[in-house]
Amino acid sequence: MVTIKDVARDAGVSVGTVSNVLNGGRVSEARRKLVEASIEKLGYQVNTLAKGMRMQKTDYVVVILPNLINPYFALLLDALESELSAVGKQVLLCLSGDDAEREVAFMDMAKQNKVDGIIGVTYSKVEEERIENMAFVSIDRHYKSHIPCVAGDNWQGGWLAAENLHKRGATNLLCFMTMSSVDSEVRKRRVGFTEYCMEHDLSCNSVEMSEKQIVSVYESYGSRKLIHNMLRAYISPSMGEHSIDGIFTSSDHLATIVQEELEEMGKRVPEDIQIIGYDGLQFLNQGKPIVSSIAQPVHEIAKEAVRCLNELIANGKTEGNTKIPVSFQEGPTTKTLVTEEK
């Protein structure tokens, strides 16, 4: 790799002169042309990260996500990259796998390299001191009061899920969620769901699986078996007229797994049991919804997160928005309303 010393040697000037050219310092026009000619000749590339560290501003932002297996995180990354690019910043992507040690390592790396800030979706138990004196914006999760949290309106999402199941004839509802033990806006999905059921005198049950019970709803056979057994308990013949006919899940991925397990039990979706997921995913990220779902406002969340980050960088403080409106997205796992039929 060509270094600044190579450029100086080729141009016949000092390293300091080359540095002045690169950083806009005072240099005679003749020497500037010599340096620029050598840069072009040798193909020298400026190490923007190292340069930014010296200037205490890198124009890089670390984005921490649990994974890209869940398409929602891929959509969020795309939206964040677009919003950050619009304000002249580049993304350094870090995938944590929900591992606390990896999240800590990413945060330490961000500090050491003096990146401009971090936008993180984190669910591990990380000591909050790790992000002291950093421009840090959290999506979904609550840290200390001075750290902004940005999220869709999860309470509204739970309410909408119960409301739409109810409108479509479901009366015995189940809220089926995978939850992290950390304080998160995601918990409000169940709250909104159960409050709708209480207000409308609907039968409502709730199942929550922690990260200790379920390794991954995406790839673990043991987790699939656990989900199957839990569902069977709520739709067994012994339940009689109280057998579940409407299910709200904490993600679209979980909704598709629940659908597969129900159909393996001989249940028809949506004829026998209707399902509403969360995130609003679509086939190939466009076109038909995978399941009926509460659609997350991905672009609005990303825009708000970047706004908060810029305010933190400029002013040292900001307030996050945790009530960005969500919406119901009709899909193949709920019945069509009679009023919508033509």
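Derivation of every value follows stated rules applied to the coordinates shown; laboratory data play no part. Note that the structure is a prediction, hence the values are computed from the model and not measured. When we count neighbours, we look across all protein chains shown, and the Cβ atoms used for this are built from the backbone with ideal geometry, even at glycine.
List the residues, sorted by chain then number, that are 5 or more residues from Phe176 or on another chain and whose placed amide H is less than 5 Å from its amide H.
Those qualifying (amide H under 5 Å, at least 5 residues apart or on another chain) are Val207, Phe248, Thr249, Ser250.
Express as a percent, rounded to the nearest 5, the fraction of DSSP beta bridges in the chain (both residues included) that run antiparallel.
Beta bridges within the chain, antiparallel portion: roughly 15 percent.
How would you order 194-202, 244-252 from highest to lowest mean count of nearby Cβ atoms within 10 Å?
244-252, 194-202
What is the list of residues in segment 57-73 whose amide nitrogen lies under 16 Å from a point 7 angstrom out from the Cα of Gln112, following Cα to Cβ?
Inside the label zone: 62.
Quick check on my link table: of Lys111/Lys323; Lys125/Lys317; Lys5/Lys33; Lys41/Lys89; Lys89/Lys125, which ones sit more than 20 Å apart, alpha carbon to alpha carbon?
From Lys111/Lys323; Lys125/Lys317; Lys5/Lys33; Lys41/Lys89; Lys89/Lys125, over 20 Å: Lys111/Lys323; Lys125/Lys317; Lys41/Lys89; Lys89/Lys125.
Apply the Karplus curve 6.51 cos²θ - 1.76 cosθ + 1.60, θ = phi - 60°, to the phi angles in segment 290-296 and return the couplings in whole Hz, x for Gly and Pro.
Listing the rounded values in order: 5, 9, 5, 7, 8, 7, 6 Hz.
Cysteines of the chain lacking any other cysteine beta carbon under 4.7 Å?
Cys94, Cys149, Cys175, Cys308 - these cysteines have no disulfide-compatible partner (Cβ-Cβ under 4.7 Å) in the chain.
In the neighborhood of Leu95, defined by Cβ-to-Cβ distances under 14 Å, what is the net charge if each Lys or Arg adds +1 and each Asp or Glu adds -1?
With Lys, Arg at +1 and Asp, Glu at -1, the net is -3.
How much length is gained if the chain between Thr336 and Ser181 is pulled fully straight, taking 0.36 nm per residue apart and subtracting their Cα-Cα distance, in nm to one decimal?
Stretched fully, the Thr336-Ser181 segment lengthens by 52.2 nm.
Starting with the highest mean, order 21-29, 309-317, 7-15 by the number of other Cβ atoms within 10 Å, averaged over the residues of each peptide.
7-15, 309-317, 21-29
How do the peptides 35-42, 58-65 rank, highest first, by the average count of neighbouring beta carbon atoms within 10 Å per residue?
Descending mean neighbour count gives 58-65, 35-42.
Out of (1) 19; (2) 9; (3) 33, which label holds the value of percent of Cα pairs over 37 Å apart that was computed here?
It is the value labelled (3).
Report, by chain and number, residues whose modeled amide H sits under 5 Å from the one on Leu202, excluding near sequence neighbours (fewer than 5 apart, same chain).
Close amide H contacts, sequence-distant or interchain: none at all.
Provide the FRET efficiency to the nearest 0.05 for the Leu226-Glu40 pair, computing r from the beta carbons and using R0 = 56 Å.
Rounded to the nearest 0.05, the efficiency is 0.35.
Along each principal axis of its Cα atoms, how long is segment 88-174 end to end? Whole angstroms, biggest number first, please.
Ordered largest first, segment 88-174 gives principal extents of 56, 29, 25 Å.
Do the sum for the chain: with -39,500 (n - 2.57) for every DSSP H run of n ≥ 4, divided by all residues, what is the mean residue ellipticity at 222 nm, to the nearest 500 deg cm²/dmol?
After summing the helix terms and dividing by the residues of the chain, the value is -13000 deg cm²/dmol.
Using modelled backbone amide H atoms (1.01 Å from N, in-plane), which distant-in-sequence or interchain residues come within less than 5 Å of Val137's amide H?
Ile118, Ile119, Gly120
Can you compute the modelled spin-label distance between Glu199 and Asp6, with each label point 7 Å from Cα toward Cβ, in nm?
6.7
Straight-line reach from Lys288: which aspartates and glutamates have Cα under 16 Å away, leaving out those fewer than 8 places along the same chain?
Asp252, Asp279, Glu330
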